[in-house]
Amino acid sequence: MAEKAAFSNRSVAPSQLKQKIQNALARKGFSFGLISSVLEEIDFGREEDEWDSICNSVGEKAWRRYHSKYSGYELKNRVKQSMYQKGIPLDRIERFIEKKENEEDGEQ
């Protein structure tokens, strides 16, 4: 069950994936002791290309959401907050925001 939940949610950050697996197993009636032992056995590590894909999908969604309402410092903070809540590390968030700002500077 845990492997199935992990596979269906493979495009989310590891912290979010862990929560989704825990919720799926709890909905099926497994005890929390069993759930925690299963979660300890699962490797939540991600490869570099997987992280890039996750950061891009989560970041693009947040950027689209806040770009029309905010700009400058407020836009960066909203996007950063949204991505951090999804479990993305700060260094990757900073890289994504820098990349988006460079793209926008190139358009103008």
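The values are calculated or read from the model by the stated rules, or taken from the named source; none is laboratory data. None of these values were measured; they are calculated from a predicted model. We place every Cβ from the backbone using ideal geometry, glycine too, and count neighbours over all the protein chains shown. The area values use the complete protein model at the heavy-atom level, side chains included, leaving out ligands, DNA and RNA. Shrake-Rupley method; radii C 1.70, N 1.55, O 1.52, S 1.80 Å.
Can you name every residue in segment 5-25 that is assigned to a helix (DSSP H, G or I), open to solvent by less than 40 Å² (accessible area, probe 1.4 Å) and among the small types (Gly, Ala, Ser)? Show your work before the answer.
Our first condition is that a residue be assigned to a helix (DSSP H, G or I); within segment 5-25, this holds for 5-8, 14-25.
Filter once more, keeping what is open to solvent by less than 40 Å² (accessible area, probe 1.4 Å): 5-6, 14, 17, 21, 24-25.
Once the filter is applied, which keeps residues that are assigned to a helix (DSSP H, G or I), open to solvent by less than 40 Å² (accessible area, probe 1.4 Å) and among the small types (Gly, Ala, Ser), segment 5-25 yields Ala5, Ala6, Ala24.
Checked against (1) modelled with pLDDT of 90 or more; (2) in a helix (DSSP H, G or I); (3) out of contact with any helix residue (DSSP H, G or I) (no Cβ under 6 Å at 6 or more places or on another chain), Glu103 passes all but a single condition, namely (1). One residue stands out among those in segment 62-85 that are surrounded by fewer than 18 Cβ atoms within 10 Å (Cβ to Cβ) and under 11 Å from the mean Cα position of the chain (by Cα): the one that is nearest to Gln19 (Cα to Cα), which is Gln85. Screening Val38 with (1) of a type outside the set (Asp, Glu); (2) crowded, with 17+ Cβ neighbours inside 10 Å; (3) more than 11 Å from the chain's Cα centre (by Cα) gives one miss only, at (2).
Being out of contact with any Gly (no Cβ under 7 Å at 6 or more places or on another chain), open to solvent by less than 80 Å² (accessible area, probe 1.4 Å) and at positive phi: is that true of Gly59 here? So Gly59 does not fit the description; no. In the condition set (1) open to solvent by 70 Å² or more (accessible area, probe 1.4 Å); (2) assigned to a loop (DSSP other than H, G, I, E, B), Glu50 is compliant with all but (2).
Open to solvent by 80 Å² or more (accessible area, probe 1.4 Å) and acidic (Asp, Glu): does that describe Glu94? So Glu94 passes the test. Condition check for Ile88 on (1) buried (at least 16 other Cβ atoms within 10 Å of the Cβ); (2) under 17 Å from the mean Cα position of the chain (by Cα); (3) not in a loop (DSSP other than H, G, I, E, B): one failure, at (3). If you go through segment 67-85 and keep only what is in a loop (DSSP other than H, G, I, E, B) and at pLDDT 90 or above, you end up with Ser68, Lys69, Tyr70.
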